[in-house]
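Written out below as structure tokens is the structure these notes cover.
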Amino acid sequence: MNPTLFLIFTSLLKIVGIVFVVILPMVSYSVYAERRVSALIQDRLGPNRVGPAGLFQPIADAMKFILKEDFTPANVNKFYYWLAPCLAMVPALMTIAVVPFGSTLFGVPMVIADINVGVLYVFAIASLGVYGIVIAGWSSNSKYPFLGGVRSSSQMISYELSLGLAVIPIFLLVGQLRLTDIVRYQIENGWMIAPFVGHWTDGWKWLLAIPMSISFVVFTIAIFAETNRLPFDLPEAETELVGGYHTEYGSMKFALFFLGEYAAMITGSAIIVTLFLGGWHLPVPWWNHAHGFHWLLIDGSLGGWRGVIGGLFNIFVFFGKVSVLLLFFIWVRWTLPRFRYDQLMRLGWVFFFEIALVNIFLAAIIIACLPQ
Amino acid sequence: MAITVSRPKLNWSERLYLPAILGGMAITFGHLKNMLLGRTKVTMQYPEQKWDSQMPDHYRGAPALVKDEGGRVRCVACQLCEFICPPRAIRIVPGEIPLGERFAKVEKYPEKFDIDMIRCIYCGMCEEVCPEQAIFLRKDYAITGYTRAEMVHDKEKLIEIGGVMHGLVLKWNEKK
Amino acid sequence: MPNDSQPQLVNVQIDDVWHQFPKGTRLIEACEQAGSYVPRYCYHKKLSSPGNCRMCLIEMGMPKMGPDRKPILGPDGKPEINWMPRPQISCATDVSEGLGVRTISPLVEECRRGVMEFLLINHPLDCPICDQAGECRLQEFSVEYGRQDSRFLEHKVKKPKNVVLGPRVTLDDERCILCSRCIRFCKEIAHDDVLGFVDRGSHTTLTAHPGKRLENNYSLNTVDICPVGALTSSDFRFKMRVWFLKETNSFCTSCATGCNTIIGTREDVIYRQTPRENDAVNSTWMCDYGRLNFAYLERDRRLLEPMVRTENKLQPATWPHAIASAATQLKPYVGWQTAILASGRMTNEELWLAGRLAESLGVTLIDIVPRTGEADDILLSADRNPNTNGARLLRLASGSGTVLQQIKEAVWSGQIQALITLGENPLRCGITPEYLARLPVYVVLDLLANDATAQASVVLPSLGFAEKRGSMINGKGRLQRLNRAVRGPGEARDDWEILRDLVQAISGGNSESHARSGRLDTIEDVFRQMSEAVPEFAGLTLSRISDLGVQVLNGDGKPGNSAPEKMREREPEKQPQ
Ligand code: SF4
Ligand code: SF4
Ligand code: SF4
Ligand code: SF4
Ligand code: FES
């Protein structure tokens, strides 16, 4: 087959597969997980009626949203009012394009677009998400959405700084922006925050893990803020702003915001996993006579069914890690109270920004001292 | 006058908040774990599990018209409940019992008796005001319907819910 | 020497305060005027006082007389009072100089409690089904003086219940407290002595004399004056509890007397009419005919929406269309081709606008349809139009009937091409469907559908007496005001609004009357416009007419405003017993 055609064909397949088979169901089931976990945390049961253990609840919800009257308030700016939900949803899905969610399957790399500016692309697209919210807030022509929109834009701008600064140590180390290379590096040298693989007894690596862990914490917290999750959900703080930027939205348009938020959460987790947690890589402890104890790398590079199983295993590992992070997100949400707005701003500008900045120097010094 | 609230002095680990956050997460995780292990059980699965048998005597469910042992619907359409009902849920059309009927000596009866259960607030005023011991709040609480019209209990429905009450004052029996 | 026109005043001490009353005032009334209401059952101020219920017992005393047969004065310069040891009834005594009364004292209260206990011995526990509940004197006074429980252990005396006394009155003998008000009313006011007591003691029973029924035209007044629920109106019986009724002051429009009434309504349904005291008109009574004459307002035949004849069928239309259509149909005819049949049941405001309508069309043939019946010498007037005087005053009534005859003939001859009837059925003055068939244009403003409205070109549904405001002048020249008790049904509109719109549609916005008095936005504006033209109404506004009316003409309907004789008050021809 013509390689270009083949590329187009596999890319389309990957796009459709990842968006419709993985991400969207994952989005709806993360909503379900959110509801169940929050219920359990609060000593309740949560949705358990539709289907076994309530597993069909997301489907019922989707049906409900689709069938609801699509109501447009009279005094909104129609064009932007309609545009906003799409703007909230699309960037969240687009970021996933550069994230490697597996090794290879049938020799095809499991990443939609392996571009060399991977992380920059992620930041560029993710920051577009704020437009959906700001436009929604403004076009609704109503005070609470407007406040939500304003809060959201300033919050996002503040936290994008630390977000960007937090990943710089990784680039210092890897010297690459391409996400597959970052994963590759972690396969060879161990995960950024837990470098067990390779020369794991090397003290420098562990020293390096300190700035990496700081980066990891700052980055994760910034992702919380980016995705408007509690404790940083001020743009939609119900107790203050009714519903925040989506107060005036209903039915499927509201659902798009809702899905967008969870999609952003998933892509955020995917990026954390890729940058800090080894991506699709899961080292399997192994022992044989030839090498003694060592870590076994499973990926899709083997021939025949072993390669297929390996590729699938990697995909599974990747999404498994993402799911664990999602549960963590949920867990945090149902534990922590919401920040006050001034606290949020202070935290972003006074703490995380500084920490990330100092962290860069720390990492740079360590890397500079690193014996080659 | 402004009141100055003195804030507690925090030491540095408290100022970091992290221990508190982790402590909080441990608590929520504990709840989650106990729920998963089935150690906490507070939620009742409503339509399957019910609490009806333990309902207290003073429970105020749907108001209904009762009959006495003699089979007489006790209401005489005095309309006091209609008057007292705070949300004006009750609507009565009084009528005269035709001569020759079994209870003609009571003279007056409700031709129509509607309680709009969308309006009813289960306050029990109607039961309290009724001079004839004719209306009681029964234990029915699952009052549902698909339309507004369905939610209006008419006389038949009210009598059906009400059933027979024993041991009421039977003053009309002494009438000529 | 006491002046004849100025009745002599006497000093009376009531509850330690000295008051002055004209000589001849009933003591019970004097107490009431002094602010101490004395409970009563048998006493009614328009009837004789038999003094048989004993509820009005009070302590009474006469001035102490010195040896010089002059009252001994106390330190305050007022006579000292010699209190009688036994209580006296206050309803059978007139005030006299130096009389002392105590309406609040342990003895008086004890008496009232005792009387109440006796009255309740045999009284049934009927309040839940009793129509009087809520306005029952027995209930009211037992709240104040009744016991919680009964000391009477024997069975209550059973008496007949649900007795049909006459076509309109139903009696429950168990509830009767034997006050005899109803008997006295029949004898003294209605001159139809049909009621009486039979048997003795606890078994005393009110009944109609053998072979007689309570069926005179005033029988329902017995229901009003019965202090308990013994006499009930068969019409109102069990229909609605009185505490739900909204009360609107109005007057009866069934004859020229215009008895003052209270209309009891709930949610736009009229349940009853009761008389309202007005000594210049109806004392405290009204006749059964007028009282029950409101059911027509809720007939199925009510016209509910304006209709316009299109393609030879009456089709529902909108108001603007109906008015415009009526105006365009009427406009082509000159004055002598058009006639207006107005009604003596219209209010002055409506008649005034009918006059303007006639002006704008140049109509000269305009009259009201007389409506007569038999008069009695109590209240009912031979003239059954409530506002004949108003129509005369506004020069719309010929009074002779010649104009009506002229109209009828002119319709037949074809001279009249357009006829407007305002709240009147032309069939009543001989304009039969054959006559109407000759008319190219026939505009009807009316409440009820009938044979004539079926032939109309335009039908304009209007409101009945209880649904609108307006004023009328009764047979004795008293200007009285109707108030709105209920809203009109369907799309029916206030008559005056219809007439105003019609006048404006015919003459354009700049008609003379329009220019004269500006816009007619409310009925008050109509009255103002009318009062500027009619000297009898000068200085009045519709709101300023009191609930008791204003005398604008002499009693005989002639100019002037001397009030007529007061309705006979409490001087029955012969005292009972
Ligand atoms: S319970 Fe209260 S609200 Fe309900 S019908 Fe009775 S009085 Fe009305
Ligand atoms: S208060 Fe009792 S007797 Fe009276 S109408 Fe209501 S239910 Fe009937
Ligand atoms: S007459 Fe009065 S006290 Fe007697 S039953 Fe009727 S309402 Fe009750
Ligand atoms: S029926 Fe009424 S008015 Fe007549 S005597 Fe009895 S209580 Fe009095
Ligand atoms: S009112 Fe005086 S005795 Fe009845």
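General remarks:
- Residues losing 40 Å² or more accessible surface upon assembly, the stretch C:154-196, compared with the chain by itself, 1.4 Å: C:K158, C:N162
- Rolling a 1.4 Å probe over the protein heavy atoms gives the stretch A:3-369 an accessible area of 45 Å² per residue.
- Whole-angstrom gap from the stretch A:331-361 to the stretch C:221-267, using each part's C-alpha centre: 78 Å
- All C-alpha to C-alpha distances of the stretch A:43-185, sorted into 10 Å bins beginning at zero, yield P(r) values of 10, 24, 25, 28, 12, 1 percent in whole numbers.
- The residue among C:V281, A:V122, A:G175 whose Cα reaches farthest toward the positive pole of the charge dipole of the protein assembly as shown, with charges on the beta-carbon of Lys, Arg, Asp and Glu, is A:G175.
- Net charge of the neighbourhood of C:T372, taken over other residues with C-beta under 13 Å away and scored Lys/Arg +1, Asp/Glu -1, is +1.
- Point-charge dipole on Cβ atoms (K/R +1, D/E -1) for chain C, about Cα centre, debye to 20: 540 debye
- Annotation for the stretch C:141-183: GluC sites (Glu not before Pro) lying in DSSP loop with at most 10 further Cβ atoms inside 10 Å of their Cβ are C:E154.
- Carbon/sulfur fraction of accessible area - chain C, other protein chains in place, 1.4 Å, %: 50 percent
- The share of accessible area on the stretch A:123-237 that comes from carbon and sulfur is 69 percent, using a 1.4 angstrom probe.
- Scaled radius of gyration (Cα, divided by 2.2 N^0.38 Å) that the stretch A:98-145 gives: 1.81
- Buried solvent-accessible surface, both chains (B, A), 1.4 Å probe, Å² to nearest 100: 1300 Å²
- The Cα center of the stretch C:288-324 and the Cα center of the stretch C:166-191 differ in position by 40 Å.
- Based on protein heavy atoms only, chain C ends up with 44 Å² per residue of surface accessible to a 1.4 Å probe.
- Its alpha carbons considered, chain C gives a radius of gyration followed by a Dmax of 28.7, 101 Å.
- Rolling a 1.4 Å probe across all protein chains gives C:K78 an accessible area of roughly 80 Å².
- Taken along its three principal axes, the alpha carbon spread of the stretch A:61-123 comes to 52, 28, 12 Å, from the longest extent down to the shortest.
- For chain A, the longest principal axis of the Cα atoms and the long axis of helix A:57-67 meet at an angle of about 40 degrees.
- Solvent-accessible area per residue for chain B (1.4 angstrom probe, square angstrom): 66 Å²
- All-pairs Cα distance distribution in chain A, expressed in whole percent, bin size 20 Å: 27, 56, 16, 1
- Dipole magnitude (debye, nearest 20) for the protein assembly as shown, charges at Cβ of Lys, Arg, Asp, Glu: 1400 debye
- Remark on the stretch C:241-259: accessible area falls by at least 30 square angstrom from chain-alone to full-complex state for C:R241, C:W243, C:F244, probe 1.4 angstrom.
- Kirkwood analysis of the Cα pair distances in the stretch B:55-173 returns a hydrodynamic radius of 14.5 Å.
- Solvent-accessible area, 1.4 Å probe, carbon plus sulfur percent, for chain B: 57 percent
- Reduced Cα scattering model of the stretch C:308-374, Debye log10 I(q)/I(0), q = 0.11 Å⁻¹: -0.35
- Residue by residue along C:57-69, Cβ atoms of other protein chains within 10 Å of the local Cβ number 0 on average.
- Debye, to nearest 20: dipole size of the stretch C:9-115, +1 on Lys, Arg Cβ, -1 on Asp, Glu Cβ: 380 debye
- Projecting the Cα atoms of C:T265, C:H155, C:T310 onto the charge dipole of the protein assembly as shown (Cβ charges, centred on the Cα centre) puts C:H155 farthest toward the positive pole.
- Comparing C:V441, C:W496, C:M472 along the charge dipole axis of the stretch C:441-500, the residue lying farthest to the positive side is C:M472, per the Cβ-charge model.
- Taking every Cα-Cα distance in the stretch B:1-129 and sorting them into 10 Å bins from zero, the calculated P(r) comes out as 9, 20, 17, 13, 13, 12, 9, 5, 1, 0 percent.
- Both chains summed, the buried accessible area for C and B stands near 1800 Å², from protein heavy atoms and a 1.4 Å probe.
- Pairs of alpha carbons in the stretch C:424-502 whose separation is greater than 16 Å (percent): 60 percent
- Centroid-to-centroid separation of the stretch A:35-51 and the stretch A:96-144 [C-alpha atoms, Å]: 31 Å
- Residues along the stretch B:96-115 losing 30 Å² or more of accessible surface when the other protein chains are present rather than the chain by itself (probe 1.4 Å): B:E96, B:E107, B:K108
- Shown for chain B: cysteine residues without a partner Cβ closer than 4.7 Å, namely B:C75, B:C78, B:C85, B:C120, B:C123, B:C130.
- Using only Cα coordinates, the Kirkwood hydrodynamic radius of the stretch C:126-298 works out to 17.1 Å.
- Averaged over B:29-38, number of beta-carbon atoms from partner chains that fall within 10 Å: 4
- Overall dimensions of the stretch C:254-351, expressed as equivalent-ellipsoid semi-axes from the Cα gyration tensor (√(5λ), whole Å, largest first), are 37, 20, 11.
- Using the alpha carbons alone, the radius of gyration of the protein assembly as shown stands to its Kirkwood radius in an Rg to Rh ratio of 1.18.
- Sparse-neighbour loop sites [chymotrypsin sites (Phe, Trp or Tyr not before Pro); the stretch B:75-176; at most 16 other C-beta within 10 Å; DSSP]: B:F103, B:Y122, B:Y141, B:Y146
- Descending principal axes extents, the stretch C:9-115, alpha-carbon based, whole Å: 40, 28, 23
- Radius of gyration and maximum dimension Dmax of the stretch C:330-454, Cα, Å: 14.3, 50
The values are calculated or read from the model by the stated rules, or taken from the named source; none is laboratory data. Since the model is a prediction, treat every value here as computed from it, not as a measurement. Reconstructed Cβ throughout: ideal geometry from the backbone, glycine too, with neighbour counts over all protein chains shown. Surface accessibility is based on the protein's heavy atoms, side chains included, excluding ligands, DNA and RNA. Shrake-Rupley method; radii C 1.70, N 1.55, O 1.52, S 1.80 Å.
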